[in-house]
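Chemist: One structure is given below, represented as structure tokens, and several questions about it will come after.
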Amino acid sequence: MKQYQISQEDMNTHFFHFTKQKNLASIKEIGLVPKIGIHAMSLEKTKKVFFVEGLDNLLILFDCWIHVCSVYPLIPCLFNLGAKVMKYKWFPKSIVNAYFKYMEYNRIHKLIAYKYFDHFLKRYVLLHLDIKEGIDFSFDDVDQIKAKKYDRDYLIKAGYSLKYSDLESTKMDKWNLHTFSNHGIDSSKLKVCYVENSYKMSDILNYALKNTSLDIENICPVLFDYLKSRKII
């Protein structure tokens, strides 16, 4: 695959998607195929390819992702079951609130989330997407999770922080964009990203942290705590 050198311009522009390094061979052949992830079976209605605009939004996605991992049930089927019943008014809010409260103090889940992100930084690479609004996606498209009309507090507790998510709208946020439904991305539109001769996600993370305009401690507190624990900042 072709390569793409990250620069300062990429902090707020251009589109990026991450994938496992071992997937590059198949991506080179067939491109990015729209999918519904196993953990999103009860959340998404249609297959899509997800991406972010700019590296600032990649940092925001990392914040959300670590948070989601820290509240995710250790038994996978419970997540999809919970996602189904949480949207119904008859389901007791006390159960949901008690679960999230328990997760706030559950150190084991936080450690698991941190280990998962450690693994991510070692095994994943970043792709630059040469895609166009109106052809591959629309900024006005709907975030299917927000459109499910979950209780606002549930969305916040599940990772849609008000510091980077617009919960007054069902439109996608720029840290959580996706292609049109059932629309993939051809391999000719993809390049593997690198910075300072390194393709490692950890080096791209460090570059983004050095060049971001975000107040990471304030905007991305979950990511900030992870970075402190790993002595990255």
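The values are calculated or read from the model by the stated rules, or taken from the named source; none is laboratory data. These numbers come from a predicted model, not from an experiment. Note: ideal-geometry Cβ built from the backbone for every residue, glycine included; neighbour counts use all protein chains shown. Just so you know, the surface numbers come from the protein's heavy atoms only, side chains and all, with ligands and any DNA or RNA stripped out. Shrake-Rupley method; radii C 1.70, N 1.55, O 1.52, S 1.80 Å.
Chemist: Look at the stretch 104-119 and say how many of its residues are among the aliphatic types (A, V, I, L, M) and open to solvent by less than 60 Å² (accessible area, probe 1.4 Å). Before you say what the answer is, go through the steps one by one.
Modeler: Step one: of the stretch 104-119, the residues among the aliphatic types (A, V, I, L, M) are 108, 111-113.
Next, only the ones that are open to solvent by less than 60 Å² (accessible area, probe 1.4 Å) stay: 113.
Qualifying residue count for the region: 1.
Chemist: Scan the stretch 192-210 for residues that are in contact (Cβ under 8 Å) with a residue 40 or more places away in the chain and surrounded by 16 or more Cβ atoms within 10 Å (Cβ to Cβ) and report the count. Even if it seems obvious, please write down each step before you answer.
Modeler: Narrowing the stretch 192-210 to residues in contact (Cβ under 8 Å) with a residue 40 or more places away in the chain: 192-195, 199-202, 204-205, 207-209.
Next cut, surrounded by 16 or more Cβ atoms within 10 Å (Cβ to Cβ) only: 192-195, 200-201, 204-205, 207-209.
So the answer is 11.
Chemist: Of 148, 101, 122, which residue is over 19 Å from residue 32 (Cα atoms), modelled with pLDDT under 95 and open to solvent by 50 Å² or more (accessible area, probe 1.4 Å)? Explain how you work it out, then say what you get.
Modeler: Details: 148 fails: open to solvent by 50 Å² or more (accessible area, probe 1.4 Å); 122 fails: modelled with pLDDT under 95.
Checking each option against the conditions leaves just 101.
Chemist: Please tell me if residue 173 is among the charged types (D, E, K, R), at pLDDT 95 or above and buried (at least 19 other Cβ atoms within 10 Å of the Cβ).
Modeler: Numbers: among the charged types (D, E, K, R): yes; at pLDDT 95 or above: yes; buried (at least 19 other Cβ atoms within 10 Å of the Cβ): yes.
Criteria met by residue 173.
Chemist: In the set 110, 132, 157, which member is among the basic types (Lys, Arg) and farther than 16 Å from residue 62 by Cα? Give the steps one after another, and end with the answer.
Modeler: Working: 110 fails: farther than 16 Å from residue 62 by Cα; 157 fails: farther than 16 Å from residue 62 by Cα.
The unique qualifying residue is 132.
Residues checked against (1) assigned to a loop (DSSP other than H, G, I, E, B); (2) under 16 Å from the mean Cα position of the chain (by Cα):
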{"residue": "139", "(1), (2)": "yes, no"}
{"residue": "153", "(1), (2)": "no, no"}
{"residue": "162", "(1), (2)": "yes, yes"}
{"residue": "165", "(1), (2)": "yes, yes"}
{"residue": "169", "(1), (2)": "yes, no"}
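Chemist: Confirm whether residue 44 is out of contact with any Cys (no Cβ under 8 Å at 6 or more places or on another chain), touching a residue at least 12 places away in the same chain (Cβ under 8 Å) and either among the β-branched types (Val, Ile, Thr) or closer than 13 Å to residue 179 by Cβ (or both). Before you say what the answer is, go through the steps one by one.
Modeler: On the way: out of contact with any Cys (no Cβ under 8 Å at 6 or more places or on another chain): yes; touching a residue at least 12 places away in the same chain (Cβ under 8 Å): yes; either among the β-branched types (Val, Ile, Thr) or closer than 13 Å to residue 179 by Cβ (or both): yes.
Yes, satisfied.
Chemist: Which one of 210, 171 is closer than 21 Å to residue 122 by Cβ and of a type in the set (Lys, Arg)?
Modeler: After applying the criteria, what remains is 210.
Chemist: Residue under question is residue 129, and the condition is that it be at pLDDT 95 or above and within 15 Å of the chain's Cα centre (by Cα); does it hold? So that I can check it myself, show each step before the final result.
Modeler: On the way: at pLDDT 95 or above: yes; within 15 Å of the chain's Cα centre (by Cα): no.
Here the answer is no, as residue 129 does not meet what is asked.
Chemist: Among the numbered criteria (1) surrounded by fewer than 15 Cβ atoms within 10 Å (Cβ to Cβ); (2) closer than 30 Å to residue 29 by Cβ, which single criterion is violated by residue 131?
Modeler: (1)
Chemist: Right, something else. Could you run through the stretch 27-48 and say how many residues are out of contact with any helix residue (DSSP H, G or I) (no Cβ under 7 Å at 6 or more places or on another chain), over 20 Å from residue 119 (Cβ atoms) and open to solvent by less than 100 Å² (accessible area, probe 1.4 Å)?
Modeler: Summing the residues that are out of contact with any helix residue (DSSP H, G or I) (no Cβ under 7 Å at 6 or more places or on another chain), over 20 Å from residue 119 (Cβ atoms) and open to solvent by less than 100 Å² (accessible area, probe 1.4 Å) in the stretch 27-48 gives 7.
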